[in-house]
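The values are calculated or read from the model by the stated rules, or taken from the named source; none is laboratory data. Everything numeric in this text was worked out from a predicted model, so none of it was measured. Quick reminder, even Gly has a Cβ in these numbers, built from the backbone with ideal geometry, and neighbours come from all protein chains shown. Heavy atoms of the whole protein, side chains included, go into the accessibility calculation; ligands, DNA and RNA do not. Shrake-Rupley method; radii C 1.70, N 1.55, O 1.52, S 1.80 Å.
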Amino acid sequence: MKLTVRDTPPRAVWALEQAGLHPLLARLYAARGIVQSAELDDSLAQLPAPEQMRGCTDAARLLADAMQGGLRICIVADYDCDGASACALGLRGLRLLGQALGWNRADYLVPDRVQDGYGLTPSIAARVHASGADVLVTVDNGIASVEGVAHARALGLQVLITDHHLPAVIDSAVVLPQDCVIVNPNQPGCPFPSKALAGVGVMFYVLLALRAELRARGLFTAAQQPRLDPLLPLVALGTVADVVRLDALNRRLVAQGLKRIRNGQMPAGLAALFAVASRRPELASSFDLGFALGPRINAAGRLSDMRLGIECLCCDEPERARELAQTLDSINRERKSLEGEMREQALQLAEALCLERAHSGTPPALCLYDGAFHEGVIGIVAARLKDKLHRPTFVFAPSQAADKAGELKGSGRSIAGFHLRDALDLLAKRRPGVLLRFGGHAAAAGCTIAADQLPTFAAAFEQIGAEWLDAATLQQRLETDGALEPQYRRLDLCDTLQQQVWGQGFAPPLFCEELEVLSQRLLGQKHLALKLRHGGEAVDGIWFGRTETLPARARLAYRLDADEWQGRRRLRFLIEAAEC
């Protein structure tokens, strides 16, 4: 591990301090590219207009016509937290806006991860049609569903695609679904300034456009129109949980959602999730959304039925919300147990592979499989191994679909400098027929192969890794904010930092410096409890998951953390890494 320090432009720091920011926040923001305080304005007035997003106005007209015509709308969701949040947002928003027309004919359908696979397939289109729907709306999927959209249109369904993923590319040409309305900031020709919106953010923009369209049709005035800002907690949840880049727009959406959560303005289902996760809504942070609530929603899609997650987010009855949240919490506990077992098994497989190749060390790209792996958890396990070993990693499991016997489902996660989807595309060209299906993007991808093709896939994947990755890329680096001034080691500043919006592409503060280790001991044989000297004073530290002891002095990367025990709060350092 190599600890590096972000560049911090002095002029930007000075400008932010002059605008009234605390010196520590000014330094942290400047290191993340903020050069003036106006960029930190998170008011809704700063949102780009919906008409800037290609297809948004057409989508609004389609939905307004459907409402005025008394048509039924069916939302086809994805089975992750972004898809569930976008579906709940869409249902709530359509029903809210439909009240002016006396319209309430919105329903939803979630594909089964095992039986249906990803996206709008012809079979899903047929099920939507059989349900009696007239309009099919996708959330967080559909941009690559060329066959599914064609089948839906052949059945007479109107189709609206709302998505944020990249469209399909065939023979170097972008291929889009035809004869439908598409709203996606990443479609060709879309001038929308933010390309990082999650699926839930795209759906929120469609609702903004729909409200404007209904207002233009005289259904309500600007003073009487339904408020959509109560939906922002769902936007914040899906945005953070999907780990999209927190650009200026996403930070505004998340900040606005968190403000409402802290004020208690959220659906009963969301409040119930905070309760089962033992998190305090009045202190809600992006960490809570990404690491406490998001995993509980995602667990339903991985191991059970994502309808549980959507029903929880749509629920306004507190008792029913508690029941749903408790069920999701139970499923998440099962997921964590299963993930832990699979992770340990996968690490053993990786260690055995490294031992076989002791002369050449860890392979540049890893491919792991066990017949007992569960396909709903392989993506998480791949991510954990990628983080631990700093290698592009694919984990495979047997397909659970009854009609897919003999197939393996693979999920991959990658490191900077290795575009996973491009690697699969090259593998498909070099080894025709090995990949039955594949898709994804730079950091994450998935594929399906025949079981007997696993050795071929593993060898080809490793070969691409050897060609694309050099020693510098394979050196694990962790970007930090340098040393923390001793006068800023305070609980109030810790709380201030935790209230800011941090996440993907806008990393939470991580400090690093050489510290003296005064004492260390194991807690429960799982965690390293430390007493460190910082700025001449002793401070507590904790390194979760670390069992190896540290030398008397070590260069450590740490976060500020407020630990609460028996009603007393104290500051401690949460250790993330040591340079070695």
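Annotations
- Surface listing: W543, W468, W565 arranged by accessible area from highest to lowest gives W565, W468, W543, probe 1.4 Å.
- For mean projected area of the Cα convex hull in nm², calculated from these coordinates, the label among (i) 33.0; (ii) 27.9; (iii) 38.5: (ii)
- Cross-link pairs beyond the 19 Å C-alpha cut-off, checked among K386/K429; K259/K336; K2/K336; K336/K526: K386/K429; K259/K336; K2/K336
- Charge dipole magnitude, Cβ of K and R +1, D and E -1 - segment 432-546, Cα centre, debye nearest 20: 420
- Charged-residue dipole, Cβ positions (Lys, Arg, Asp, Glu), segment 410-463 about Cα centre, Debye nearest 20: 100
- In a DSSP loop and with at most 12 other Cβ atoms within 10 Å, the trypsin sites (Lys or Arg not before Pro) in segment 221-301 are R227.
- Summarising the label geometry, the points placed 7 Å from Cα in the beta-carbon direction at K388 and T549 lie 2.4 nm from one another.
- Accessible solvent surface per residue of the chain, calculated while the other protein chains remain in place, 1.4 angstrom probe, Å²: 43
- Cα lying deepest toward the dipole's positive end in segment 463-580, options C580, W543, W565, charges on Cβ: W565
- Segment 481-557, accessible surface, carbon-and-sulfur percent (1.4 angstrom probe): 48
- Among V434, T456, A466 the positive-end extreme of the charge dipole of segment 420-466 (Cβ point charges): V434
- Nearest-0.05 FRET efficiency for S330 and E282, computed from C-beta distance (R0 45 Å): 0.95
- For segment 514-560, a crude dipole built from +1 on the beta carbon of Lys and Arg and -1 on the beta carbon of Asp and Glu, taken about the Cα centre, is about 120 debye to the nearest 20.
- Residue (of P318, L91, Q400) at the positive-pole extreme of the chain, dipole from beta-carbon charges: P318
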